[in-house]
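Report on the following structure.
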């Protein structure tokens, strides 16, 4: 042995150098393992029913993306709000699943944004996607994007979140924004309808049109007398306040679009004649009486004829969920009832759902045109609560294991609430936009079941908590005592 290493000072320095080299190698090993794990890793889902994994259908769509997709969940989260924290955890878990199965160049990037803390990021998103983003999820691919209210992600019963529809909604939105096809909405004209090019307060729809265009929908007008049929690129046809009768061939074109092409339609009705639309409504099991809905005690202004509707069915339709969660009523003008036609042919493929109702003290007045004081007459009038809007959906059936979407028709008993003067009042814009979004986004709704949300609670007394604390502290305490005893022994 070299005599230099027998020197105490040199030996001590060598031991120190050896120690630091071991520490450096240990740190490098730790960093190297973490770097390798970040690039090459596997996930195993051992949860019940694989609730922490995406379905094979979603995985296939994400892996076949040709352009990157961005997802932003804008939440109003506070540390003391347990509900917001639970919602944030649901989305963070879901986002990790999408990012895990994504490709490097054309995958999904997702982020949770707290609107109360990340103000600058929230402002950037508002500048890019428009305002009113709080408590919404944005799914974007290039210039196309979809906005989904967070309330639509949950099925709520008795105020409790029962299951989470996150994968179904987000995967459907990814398909929509990455498809490359523009969603086209046609507004029928030629019968005195309200116009998207009109900026007047009472008959203009420029505010409605602006809200639709801000969400990437392409708008155009449609004259069925000239076009002869509904264009093939029509994703939705809107009839807003028609004042003149439709020709038989126009009615036939609309019927074919809704029934044979499984189209989507919306009708906003004025008072008076239905101008031939009653034939279409009959096929869809809907009727709308020429009666004015009044309310002697509720929110009703006799001078203007406006009715404030704040009642909803016991099992609310998805269109109304946001209004219920936000406590938003809808201000209608002269509104007529829209209800199920009990005389229509029985059709097992047809499903009718009311959206919003009048109050319990309301009624539909038959002789509203006479003016003056109105009073309920049980011999001719309809007692409330009454449906003011109805959705009819028809199942398209299934062939070769594929679900074929059927047509959908939404009928509203008032056209005034979407006019420029009323559109931004109370929940009017929410009702109209939610109806459009639901009618259109259901086209790509995937057959992915919602995932149940299970909560577990453990109630313990102070004595039981202390006993558990002692049990958990016993082993570390024993190890600490042994270490101290060894230390004392070595000192001696």
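When you scan segment 169-189, do you find a residue that is over 27 Å from residue 73 (Cβ atoms) and in a loop (DSSP other than H, G, I, E, B), even just one?
yes
Name the one entry in 351, 315 that is in the same structural domain as residue 408 (by TED's automatic domain parsing), surrounded by fewer than 16 Cβ atoms within 10 Å (Cβ to Cβ) and over 20 Å from the mean Cα position of the chain (by Cα). Outline the logic, then answer.
Details: 315 fails: over 20 Å from the mean Cα position of the chain (by Cα).
351 is the lone residue from the list that is in the same structural domain as residue 408 (by TED's automatic domain parsing), surrounded by fewer than 16 Cβ atoms within 10 Å (Cβ to Cβ) and over 20 Å from the mean Cα position of the chain (by Cα).
Got a number for residues in segment 281-329 being in a helix (DSSP H, G or I) and at pLDDT 90 or above? Steps first, please.
Filtering segment 281-329 for residues in a helix (DSSP H, G or I) gives 281-283, 318-326.
If we keep only those that are at pLDDT 90 or above too, we end up with 281-283.
The total comes to 3.
Within the bounds of segment 202-220, is there any residue that is assigned to a strand (DSSP E or B), modelled with pLDDT of 90 or more and in contact with a strand residue (DSSP E or B) (Cβ under 6 Å, 6 or more places away or on another chain)? Please lay out each step first, then the result.
Pass one, segment 202-220, residues assigned to a strand (DSSP E or B): 204, 218-220.
Among the residues that remain, those that are also modelled with pLDDT of 90 or more are: 204, 219-220.
Still in the running and in contact with a strand residue (DSSP E or B) (Cβ under 6 Å, 6 or more places away or on another chain): 219-220.
Yes, the conditions are met somewhere in segment 202-220.
Are any of the residues in segment 375-387 in the same structural domain as residue 318 (by TED's automatic domain parsing), in contact with a strand residue (DSSP E or B) (Cβ under 8 Å, 6 or more places away or on another chain), assigned to a helix (DSSP H, G or I) and at pLDDT below 90? If you could, list the steps in order and put the result at the bottom.
The first filter runs over segment 375-387 and keeps only residues in the same structural domain as residue 318 (by TED's automatic domain parsing), leaving 375-387.
After this cut, where a residue has to be in contact with a strand residue (DSSP E or B) (Cβ under 8 Å, 6 or more places away or on another chain) as well, the list is 376, 381-387.
The next check asks that each one be assigned to a helix (DSSP H, G or I); those that pass are none.
Checking segment 375-387: not a single residue is in the same structural domain as residue 318 (by TED's automatic domain parsing), in contact with a strand residue (DSSP E or B) (Cβ under 8 Å, 6 or more places away or on another chain), assigned to a helix (DSSP H, G or I) and at pLDDT below 90.
Would you confirm whether any residue within segment 118-132 is surrounded by 20 or more Cβ atoms within 10 Å (Cβ to Cβ), outside the structural domain of residue 210 (by TED's automatic domain parsing) and farther than 15 Å from residue 72 by Cα?
No, segment 118-132 contains no residue that is surrounded by 20 or more Cβ atoms within 10 Å (Cβ to Cβ), outside the structural domain of residue 210 (by TED's automatic domain parsing) and farther than 15 Å from residue 72 by Cα.
With 334, 261 as the choices, which residue is in contact (Cβ under 8 Å) with a residue 12 or more places away in the chain, under 21 Å from residue 202 (Cβ atoms) and not in a strand (DSSP E or B)?
On the way: 261 fails: under 21 Å from residue 202 (Cβ atoms).
The conditions single out 334.
Yes or no: segment 15-25 includes at least one residue that is within 19 Å of residue 114 (Cβ to Cβ) and modelled with pLDDT of 80 or more. Steps first, please.
From segment 15-25, those within 19 Å of residue 114 (Cβ to Cβ) are none; that's our starting set.
Scanning segment 15-25, I find no residue that is within 19 Å of residue 114 (Cβ to Cβ) and modelled with pLDDT of 80 or more, so the answer is no.
The values are calculated or read from the model by the stated rules, or taken from the named source; none is laboratory data. Please read all numbers here as calculations on a predicted model, not as lab measurements. All Cβ positions, even for glycine, are placed from backbone atoms using ideal geometry, and neighbour counts span all protein chains on display.
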